[in-house]
Each structure stands twice: as structure tokens, then as C-alpha cells.
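Following: one structure in C-alpha cells, then a few remarks.
Nothing in this text is a laboratory measurement; each read-out follows from the coordinates by a stated rule. As the structure is a prediction and not an experimental result, all values here were calculated from the model. All Cβ positions, glycine included, derive from the backbone under ideal geometry; neighbour counts span all protein chains shown.
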Amino acid sequence: MPTSWQAATIVAITDETARAKTFRLRLEDPTPHLAGQHYVIRLTAPDGYTASRSYSIASAPDPSGLSGDEREFTVERLDGGEVSTFLHEVAEPGDELEVRGPLGGWFVWDGTTPALLVGGGSGVVPLMSMLRLSRRSATTDLVRLVVSVRSPDDLLYASELPGPDVTVVHTRRGPAGAARPPGRLMAADLPPWRGGTAYVCGSAGFANAATDLLLAAGVPAAAIRVERFGPTG
């Protein structure tokens, strides 16, 4: 697993929501990644000051083991965040960044076993890599994704997510005509446990609540993998 920094060029920027954008980077020295891994992105100011943050890979690995030279990262803009603010307000296609990765070997899915994915807000990003892998590999029978968001306006990948393998839970405001009223994630929103591994990603509060729901639903503690994130940007 590489640990050295390398150059990465922004080749495209896509708006996901009012506060989130997806950045497609072309890496100078790419290494195949696993679904669920992340990179560290580093910015360096003219005076030498640096700021770096970890961002999950949203794009899927290639089932053949080759991932090409491009990776996608979805970044939520956080008020006062050094890196996220720069990426949202300053960065443009053609700009060069420094990255290090892929990193992480625990919160990963290899595409061969059942996986229950539970994400809150931007916690869906590494889970999206897993979902995309399952769809690309035609193994959608193995994966179920449950994503919790405040409103339809906050849903990442809104045009891509819909499908029989995805459940979207709105906690504050739902779409018109929705059968489920807005409210926090509940046990009834989770599909039946079919074995394999449950992956939970979101804020600390969401991750703790989702883990409790999974345990109450009979998911073994040893089968639950959790990735929490805080308000650093």
C-alpha cells in the first residue's frame, strides 16, 4: 500500500447538493483500491503552510483488479473548513493537488459476500463505492444500502441511487407522496439480516444509533464495522 504523496489533477467537478461536490482526480501513479478505502488530500500554500484531510473514495474499483488512473471523491463543504472550502470555492478542473493512498484495510468490501450498508448523510460516500462495485459486478443480490438524510435536497447521488437494492430514509422532510413519514432511522427500515458484514458510516451520533438498531435486529457485533467522522474540513 503506497504511503508517499503523488500528484493528482482535477479533471471534473460535479455538484451533488448545495453543499457537496464530487471531484474526479487523475492520479500520477495510481494503485488499485478496495471499496471503502480513502485517500488523504493535501493542499500547500505559497508560504509552505499545509492542510490535509481524509476523503473516502466514491468510485468503484474495477472487478478485474484494475481501477484506471481516476478516482472520485465527494466533499461536503464545512463552514470554516480549510480543505473543503478551498475545494468548493477555489479549485477548478486542471488544478493539481497532492494525494496519498489508498488507505484503510478494515472498512472494505471485496464484492464477494453479503453486505448491509447503512449510511447517514455524507457517510454514504464509501458505501457508494461498494454499491457501485456490486452493480458493476452484477452482484446486487449481495448488497442492500439504507441511507438516512434530512431531506431530498440533501441526498447525494440522487439520480443514481434509486433501485431495489437501496432504501432512502428522510428524517426531516420527505418527497411528496412518500409512504413513509419523515423520522429517524428505525428497525423497520432495515432489511432482514442475511449474514456477511454490516458497514455503518456517518457522524458519531448516527453511527451509534445505527449500530444499536443492528444489534437489536440480531446482527452479531463481530459482523458490524463502523466508520465515524467528525466536523473537520
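Working from Cα positions, state the angle (0 to 90°, nearest 10) between the long axis of helix 124-136 and the longest principal axis of the chain.
Between the helix axis and the principal axis of the chain, the angle is about 80 degrees.
With only alpha-carbon pairs counted, each pair once and no self-pairs, how large is the Kirkwood hydrodynamic radius of segment 6-103 in angstroms?
Radius from the Kirkwood sum: 13.6 Å.
Determine, for each peptide in 146-158, 94-106, the mean count of other beta carbons within 10 angstrom over its residues, then list the peptides with the highest first.
146-158, 94-106
Given the convex hull of the Cα atoms of segment 62-123, what is a quarter of its surface area in nm²?
That works out to 6.4 nm², a quarter of the Cα hull's surface.
For segment 96-150 and segment 155-220, compute the distance between their C-alpha centroids and round to whole Å.
That distance is 14 Å.
Fully extended, how many nm does the chain gain between Arg228 and Trp193 (0.36 nm per residue separation, minus their Cα-Cα distance)?
The Arg228-Trp193 span can extend by a further 10.4 nm.
Where nothing but the Cβ of Lys and Arg (+1) and of Asp and Glu (-1) is charged, how large is the charge dipole of the chain around its Cα centre, in debye to the nearest 20?
900 debye
Order of 194-201, 16-23 by packing, highest average Cβ count within 10 Å first?
The densest-packed peptide leads the list: 194-201, 16-23.
Label-point separation (nm) for Asp141 and Asp69, each offset 7 Å from Cα along Cα-to-Cβ?
Between Asp141 and Asp69, the simple spin-label model gives 3.9 nm.
I want to verify a result. In a Gaussian network model of the chain, Cα cutoff 10 Å, which of these has the top mean-square fluctuation: Val124, Val108, Val166?
The residue that fluctuates most here is Val166.
From the list (i) 16.4, 47; (ii) 17.5, 55; (iii) 19.3, 57, can you say which value of Rg and Dmax of the Cα atoms in Å was derived from the structure given?
Computing Rg and Dmax of the Cα atoms in Å and matching it to (i) 16.4, 47; (ii) 17.5, 55; (iii) 19.3, 57 gives (ii).
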